[in-house]
Amino acid sequence: MPSALKIPVKSRVMVANIDWVDAAGDYMCIHTNDGQTHILRRTMKELEQELDPRLFVRVHRSAIVNVGTIAKLQMLANGEHQLMLTNGQSVKVSRSYKDRVKMVFGS
């Protein structure tokens, strides 16, 4: 899917500008590279199916991350993992999605 695809929120968001997405009840918060958050009423599964899997990875049942924004994968002391994004934010990786994330890093 081309990065020019637009996701319909109140103001249109270019897919290439999405850093990460997280679920908030019946809504999703789309966090963009300009520091804005856009609200969308849609399921995570629906959005995941629209996004190019080469550019976005599901990391948690309630989070999708733009692969290009991943700075590093950290293993925490309790055995859990989190992603550090290039904008300084961190996103938790659930155990069930850990292998998908590791594939992004080629390990």
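The values are calculated or read from the model by the stated rules, or taken from the named source; none is laboratory data. Please read all numbers here as calculations on a predicted model, not as lab measurements. Cβ: placed from backbone, ideal geometry, glycine included. Neighbour counts: every protein chain shown. Ligands, DNA and RNA are excluded from the accessible area calculation, which covers all protein heavy atoms including side chains. Shrake-Rupley method; radii C 1.70, N 1.55, O 1.52, S 1.80 Å.
Annotations
- Segment 33-107 - percent of accessible surface contributed by carbon and sulfur, probe 1.4 Å: 47 percent
- Estimated FRET transfer efficiency (Leu55, Lys98; beta-carbon r; R0 22 Å; 0.05): 0.65
- Sites listed here are trypsin sites (Lys or Arg not before Pro) in segment 20-107 whose DSSP assignment is loop and whose Cβ has at most 13 other Cβ atoms within 10 Å: Arg41, Arg54, Arg61.
- Mean separation of Cα contacts under 8 Å (6+ apart) over length of the chain, as relative contact order %: 18 percent
- With all projection directions averaged, the alpha carbon convex hull of segment 54-107 covers 3.5 nm².
- Calculated log₁₀ intensity ratio I(q)/I(0) where the Debye formula runs over C-alpha points of segment 5-78, q = 0.24 Å⁻¹: -1.16
- In angstrom, the C-alpha Rg and Dmax of segment 36-82 are 12.6, 35.
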